[in-house]
Amino acid sequence: MTRTVVVTGGGTGIGYAVASAFAAQGAHVFITGRRESVLSEARSRLGDGVSTVVCDATDPDQIEALRDQLPTTVDVLVNNAGGNRDLDGGPGGPGPGGPQLGAVGLSGQGPRTPDNLHALAAGWRANLEGNLVSAVLMTAALDKQLAPGGAVVHVGSFAADRGAGSYGAAKAGLNSWNLFLARQLGARDITSNVVSPGYIADTEFFRDRNGQQFHDARVAETMNGRAGYPEDIAGAVVFLASPAARHITGQVLNVNGGALTTR
Ligand code: NDP
């Protein structure tokens, strides 16, 4: 039977690799994101088994509209959408242009003294909404459509264990909420797990930071001396959504080359 899979943020990076892996198994994959052009381009590369829906995962109205476009049964939900607004330069979306939140401190970057509480609040809200509330809203919206035997997989981050300000706190919150969700969904034979990547090269996430020096420093933190790639995360997500993982729930699966989580 053809499985229905929803991947938020499926137009780029890790989400794209996840969508590609499920599509290769013959699933009908719905990819979402905020940029229609990115989704269209991804769909043209992924092929006919993939549908696109523009949807901001932090917006309840857009999520309700997405739900209405999905089949009555969803087998797998991958809450992958996210990012670090401290790196993006502001809560206004990808790329520079917003206030430099990192510069106000206590958000994970920059000096420790916040001199602009409005910017600090905006940064925290953006990262909590973009990485935690988005997953909560998506899962709540699709809850009744999730099929018994299905799976919810969240893409977390090793930042949760590295003291990484608002972004790390949001991903740590995801790990914590995953336990609650696993208990809730368990009664219906649906699993909930987090795949927690270390540094993953070749995505939009680090954008300008993807220079050789930055890359080499991240690789040096691993035990196996290599960077992670989106396909490494996709493999773990597909596994956790497979019958082989039916008894795995409420877990955080680190996929980080053994990178030390306390740095
Ligand atoms: P990308 O920036 O390539 O992927 C993020 C995707 O999410 C984009 O397609 C983006 O599309 C989408 N997105 C962001 N915000 C929203 C939103 N509010 N609603 C809908 N879609 C959204 O980077 P990655 O592939 O690296 O990141 C994927 C996940 O992996 C994230 O959750 C990130 O935190 C996590 N991660 C990444 C690591 C890395 O080293 N790359 C390390 C650890 C975790 P659009 O802008 O069009 O909406």
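Between the listed residues A17, T58, S176, the Cα displaced farthest toward the positive end of the dipole of the chain, a dipole computed from Cβ unit charges relative to the Cα centre, is found at S176. Provide the gained length on full extension for the span A244 to T2, in nm with one decimal, where the gain is 0.36 nm per separating residue minus the Cα-Cα distance. Difference between extended and current length: 85.4 nm.
Pairs of Cα atoms under 8 Å, at least six residues apart: use those to get the relative contact order of region 111-263, whole percent.
Values: 218 pairs, mean separation 40.5, N = 153.
Relative contact order for region 111-263 comes out at 26 percent.
Axis of helix 36-46 versus longest Cα principal axis of the chain: the two differ by about 60°, to the nearest ten degrees.
If the chain between D61 and S44 were fully stretched, how many nm would it gain, using 0.36 nm times the residue separation less the Cα-Cα distance? Walk me through the numbers before you get to the answer.
Numbers: separation 17, 0.36 × 17 = 6.12 nm, distance 2.70 nm.
Taking D61 through S44 to full extension adds about 3.4 nm, to one decimal.
Across region 79-86, rounded Karplus estimates of 3J(HN,Hα) from the backbone phi angles (6.51 cos²θ - 1.76 cosθ + 1.60, θ = phi - 60°) give 7, 9, 3, x, x, 10, 5, 5 Hz, Gly and Pro being marked x. Using the alpha-carbon atoms, what tilt in degrees (0 to 90, nearest 10) does helix 165-186 show relative to the longest principal axis of the chain? Computed tilt is about 20 degrees. Using a simple spin-label model with pseudo-atoms 7 Å out from Cα toward Cβ, R125 and T72 lie 4.0 nm apart.
The eigenvalues of the Cα gyration tensor, multiplied by 5 and square-rooted, give the chain an equivalent ellipsoid with semi-axes of 28, 20, 19 Å from largest to smallest. Which residue fluctuates most in the GNM of the chain (Cα springs below 10 Å): A244, A169, A135? Top of the fluctuation ranking is A244. Based on C-alpha pairs under 8 angstrom that are at least 6 apart in sequence, the chain has a relative contact order of 18 percent. Spin-label model, A217/R35: points 7 Å from Cα along the beta carbon direction are separated by 2.5 nm. Ranking G163, V78, H118 by how far each Cα lies toward the positive end of the dipole of the chain (charges on Cβ) leaves G163 at the top.
The C-alpha atoms of the chain define a longest principal axis, and helix 13-24 lies at about 10 degrees to it. About its Cα centre, what dipole magnitude does the chain give when the only charges are +1 on Lys and Arg Cβ and -1 on Asp and Glu Cβ, stated in debye to the nearest 20? The dipole magnitude comes to about 480 debye. A full extension of the chain between R207 and A24 corresponds to an added length of 63.1 nm, given 0.36 nm per residue minus the alpha carbon distance.
Just so you know, all these numbers are worked out from the coordinates, no wet-lab data involved. Predicted model, so just to flag it, every value in this text is computed and none were measured. Here the Cβ is made from the backbone with ideal geometry for all residues, glycine too, and neighbour counts use every protein chain on show.
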